[in-house]
1. Which is farthest toward the positive dipole end of the chain among Gly17, Met95, Phe256, measuring Cα position about the Cα centre, with Cβ charges +1 (Lys, Arg) and -1 (Asp, Glu)?
2. Using only the alpha-carbon atoms of segment 2-257 as identical scatterers, what base-10 log of I(q)/I(0) does the Debye formula give at q = 0.08 Å⁻¹?
3. Write down the Å³ per residue value for the convex hull defined by the alpha carbon atoms of segment 119-260.
4. Filter the GluC sites (Glu not before Pro) in segment 30-136 to those in DSSP coil with at most 16 other Cβ atoms within 10 Å of their Cβ, and list the result.
5. For the residues Met60, Met131, Met103, what sequence is obtained by ranking on other C-beta atoms within 10 Å, fewest first?
6. Take the Cβ-Cβ distance between Leu36 and Ile118 as r, set R0 to 22 Å, and report the resulting FRET efficiency rounded to the nearest 0.05.
7. I want the local charge near Ser134. Using Cβ-Cβ distances under 11 Å, sum +1 for each Lys or Arg and -1 for each Asp or Glu among the other residues.
8. As a test of the formula, what do you get for the chain when each DSSP H run with n ≥ 4 contributes -39,500 (n - 2.57) and the sum is divided by the residue count, at 222 nm and rounded to the nearest 500 deg cm²/dmol?
Amino acid sequence: MVRATGKYTLGLVQELGDFALFTARSFADVPKSRRLGRRVVRAFFEQGVRCLPVVMIVGMFTGLVLGLQGYYVLNKFGSEGLLGTLVSLSLVREMGPVLAALMLVGQAGSALAAEIGIQRNSEQIAALEMMGVSSHGYLVAPRLIAALIVFPMQAAIFVSVGLWGGSLSGSLLLGLEPGIYWSAVERAVQSNDVIECFVKATTFGLLTTGLCAYYGFNAHRSPSATGARAVSAATTHAVVLSSIMVLAADYVITSFLVRT
């Protein structure tokens, strides 16, 4: 048991080091990237435009549920006027950046891991390197650059739509005055809350995009599968680990930024 634990721990540390070097090399090779602007715009489209409907739908229903559940909880204490405070702080501090990142991982992250895995499997990455093109700068760096901007934007859209969903639940379904709801939102949300939201979203974007690209890039190293099965395993591993890392990073950042 001790030997197995030590072997697993050493393997985990090595993989974390490989991932850190992979991400650092991708940023370092940005000057070597060809057609960087065009590929960043494409990454914006993949992570932003394509994922926007999913983010908005999930944000709306999240706000509706928060408004509905929050109203009935606050109603027990005669504090229905605090519904805007409950919904806004829940969305801005936690649910907005976390759920938006999970939606992006499920759609854009899985597609990224599968695409790079297929390129590795079909030896397109080897061909790029033989031609002297930096595969890290050409394939990974544009996605990382786009993620640092797209993830905060998607989190902001998620929060905005969610706030309207909470307003619909409180005002149209439960009879709360809209002015009471929005005044509570205005009083509750401070600049530190918005900064915390953007810090979390940016961190999630770097982690998840880097992980999905890393596992797709190294799909050929799978000891238990080859070919299409290796790509499938790498994609699954990337999505699962990225989702876990979102929650783990959320806890770490919250523990540093939470206010008493």
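1. The residue sitting farthest along the positive end of the dipole is Gly17.
2. -0.38
3. Taking the convex hull of the Cα positions in segment 119-260, it is 154 Å³ per residue.
4. Listed in order of number, the matching sites are Glu123.
5. Arranged by neighbour count, lowest to highest, Met60, Met131, Met103 become Met131, Met60, Met103.
6. 0.50
7. +1
8. So the helix-based figure for the chain works out to -25000 deg cm²/dmol.
Readers should treat all values here as calculations from the given coordinates under stated rules, not as data from a laboratory. Keep in mind the model is a prediction, meaning the values are calculated, not measured. Quick reminder, even Gly has a Cβ in these numbers, built from the backbone with ideal geometry, and neighbours come from all protein chains shown.
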